[in-house]
Amino acid sequence: MSESADVAYVRLRALLRDEELRPGERVGDERSLAAAVGVPRAALRVALDRLEQEGSVRRTIGRSGGVLVADGRIERHLNTTEGLPEIARYQGIDVQTRVLSMALAVAGPRDRRLLQLPDGAAVHQLLRLRLADGTPLSLEASVLPADLFPGLAEQDLSSLYRTLRTVYDIAPAYSDETLEVISADEDRAAHLDVAPGTPLIKVQRAATGSTGRPIEVAEEVFRADRMRFHLRKYGFTNQHASPAASHQTNPPSSHLVSSRPRGEHR
């Protein structure tokens, strides 16, 4: 590095230490950081390259982009239906998708109930493994009504919601999700490259289309050391209110989180 880049590196390290910023917290954009540490932007970029290689920061793109404190995790906002590839791209992380299986089957009792299907209805059963920069990140199992999505097995399944939108003109209007911590069984541990018993984060999702018909039920299991979840809350909801009052304030679900669509890239 040049002398000015060395100065920028030392001052940026000091800034991160002195501000006691948490992982995922925004440090600033290039212009404000260059002014804060008193170096040209060219020198700042060289210093940021080094810090990014070390894993201390990551740079994100978009209107809210900038430099964030890094710890190797992807931050997923629970207030959006954006999928991992899009979320990770904004955070400068490359997510790959491996389709492990895709099958046509008769819906079981649970899927039939959640998808509001008649007895004997067919569903697509999709299992995918997500990797972040080549390291296993999550295991995702999705079930979708076959009558809504004929020929889905022949489509690009790396970004499911994008395919549903572009090929079938169907997208989620909202999704309801629940989160819980589980222990990795042998199968999940093998897929995610962790030891059996390792804590994992399980997200169960039910997605509904604009017509009010359910379009997907899914279960995602994440490595807890690779993910962080963010939720912005507005006001308060009385979970013990009467059924009538609850119906007026909540979407028709008993799940904890309702995500409104900001993108279709799951």
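Normalising the Debye intensity of region 114-203 to I(0), with uniform scatterers on Cα atoms only, and taking log10 at q = 0.16, 0.18, 0.21 Å⁻¹ returns -0.83, -0.99, -1.14.
Sequentially through region 125-135, phi angles give Karplus couplings (6.51, -1.76, 1.60; θ = phi - 60°) of 10, 10, 10, 10, 10, 9, 10, 10, 6, x, 9 Hz, Gly and Pro residues having no value and appearing as x.
Packing here is the average count of other Cβ atoms within 10 Å per residue, and on that basis the peptides 5-14, 95-104, highest first, run 5-14, 95-104.
For K202 and D49, a Förster radius of 45 Å and the Cβ-Cβ distance give a FRET efficiency of 0.80, rounded to the nearest 0.05.
The Rg/Rh ratio of region 5-58, with Rg taken over Cα atoms and Rh as the Kirkwood radius over Cα pairs, comes to 0.91.
Any read-out appearing in this document is the output of simple, stated calculations on the displayed coordinates, not a laboratory observation. Since the structure is predicted, the reported quantities are computational estimates derived from the model, not experimental observations. Positions of Cβ are backbone-derived with ideal geometry, glycine not excepted, and every protein chain shown enters the neighbour counts.
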